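The values are calculated or read from the model by the stated rules, or taken from the named source; none is laboratory data. Every value quoted in this text rests on a predicted model; they were computed, and no experiment measured them. Heads up, the Cβs are rebuilt from the backbone with ideal geometry, glycines too, and the neighbour counts pull from every protein chain shown. These accessible areas exclude ligands, DNA and RNA; they are computed on the full protein's heavy atoms, side chains included. Shrake-Rupley method; radii C 1.70, N 1.55, O 1.52, S 1.80 Å.
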Amino acid sequence: LIFVVSASLSNPMKIMQGEVWLLPKEFTLSSYEKVFRDPSILTGYRNTILYTVVGTAINLVMTIMGAYPLSRKDLYGRGLITAIFTFTMFFSGGLIPTYLLIKNLGMLNTFWVMVIPNAVAMYNMIIMRTFFQNTIPVELLEAASIDGCSNLRFLLKIVLPLSTPIIAVMVLFYGVGHWNAFFNALIYLTDEKKYPLQLILREILLQSQVQEMTDMENYQEQLMQAEGIKYAVIIVSSLPVLMLYPFLQRYFVKGVMIGAIKG
């Protein structure tokens, strides 16, 4: 990480010569200037933020809607339902049937193809269900029911306020997943204006393998620019997650331990 930061702030020629190690050589912000001068970078940034915010919100709602009922012992057939959900963790229809399904639903090259498929991760649902079972006592539900509290109100007014740690963990899990996602965009999107930042980053990395050019001087210049831009884009794309993680770290550690086997 230190090398990537140093390389993004160094003269591309020094990177090519292998002189950059821990500290920048010939400090410059030219790579970042080129990155933010490219309109596709800013468009990708905006798209990725939008996909991450909306997608994470959908993930949270769907996961809570599945995890809370499965945590209730009075749900008839919850073992069978859990088994059916768990089945999807190990078996899927495959890429071609999924593509045909997305096409038949009319979601190709749309905003929703980035947030609707994979709206629920079963592993995350199991973690949240376990949290509800171990943290929300049954006596609390009984007391609320005596006072006339409905199931929906109990979920909104009591369960969710007591579930801040697991909600923060889910935000981190789903948010990082959406931020780093590029495969769905690569398969289902054809409009470059809808590309997420990671797909644009991929295009830039591929462009670093410059095609042969008749003018050797232009070839070297383009190669150096691609080298500097590559590291700058990595920092630009990773910075938001790096800034968010310290605030959610304690929730993240707690969330990982929720599903652990206790003796």
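Arranged from highest to lowest average of other beta-carbon atoms within 10 Å per residue, in what order do the peptides 33-43, 86-96, 4-14, 112-122 appear?
4-14, 112-122, 33-43, 86-96
Over the chain, what portion of Cα pair distances is larger than 22 Å, expressed as a whole percent?
Tail of the P(r) past 22 Å holds 66 percent of the pairs.
Expected output is a single nm value to one decimal: the length gained when fully extending between F90 and E33, i.e. 0.36 nm times separation in residues minus the C-alpha distance. What is it?
Taking F90 through E33 to full extension adds about 16.0 nm, to one decimal.
Please work out the average accessible area per residue across the chain, using the 1.4 Å probe convention, and give it in Å².
With the other protein chains kept in place, the chain gives 61 Å² per residue.
Using a Gaussian network model of the chain with C-alpha springs under 10 Å, which one of M243, M224, M125 is most mobile by mean-square fluctuation?
Its mean-square fluctuation being the largest, the pick is M243.
For the chain, what's the relative contact order in percent, using C-alpha pairs closer than 8 Å and at least 6 residues apart?
Across the chain, relative contact order equals 33 percent.
Specify the inter-centroid distance of segment 6-22 and segment 59-127, based on alpha-carbon positions, in whole Å.
45 Å
Not counting ligands, DNA or RNA, and with a 1.4 Å probe, what is T130's accessible surface area in Å² rounded to the nearest 10?
20 Å²
Give, as a single signed number, the net charge of other residues whose beta carbon lies under 14 Å from the beta carbon of P69, with Lys and Arg counted +1 and Asp and Glu -1.
With Lys, Arg at +1 and Asp, Glu at -1, the neighbours total +3.
Please tell me which of these pairs span more than 26 angstrom C-alpha to C-alpha: K73/K157; K193/K230; K194/K230; K157/K194; K14/K193?
In this structure, K157/K194; K14/K193 exceed 26 Å between Cα atoms.
Net charge near P137: determine it from the other residues with C-beta under 15 Å of the C-beta of P137, scoring Lys and Arg +1 and Asp and Glu -1.
-1
With a 1.4 Å probe and all protein chains in place, put L105, L160 in order of accessible area, largest first.
Heavy-atom accessible area, descending, gives L105, L160.
I want to check the label-to-label distance for F247 and L75. Put each point 7 Å from Cα in the C-beta direction and report it in nm to one decimal.
Each label point is offset 7 Å from its Cα along the Cβ direction, giving 3.1 nm.
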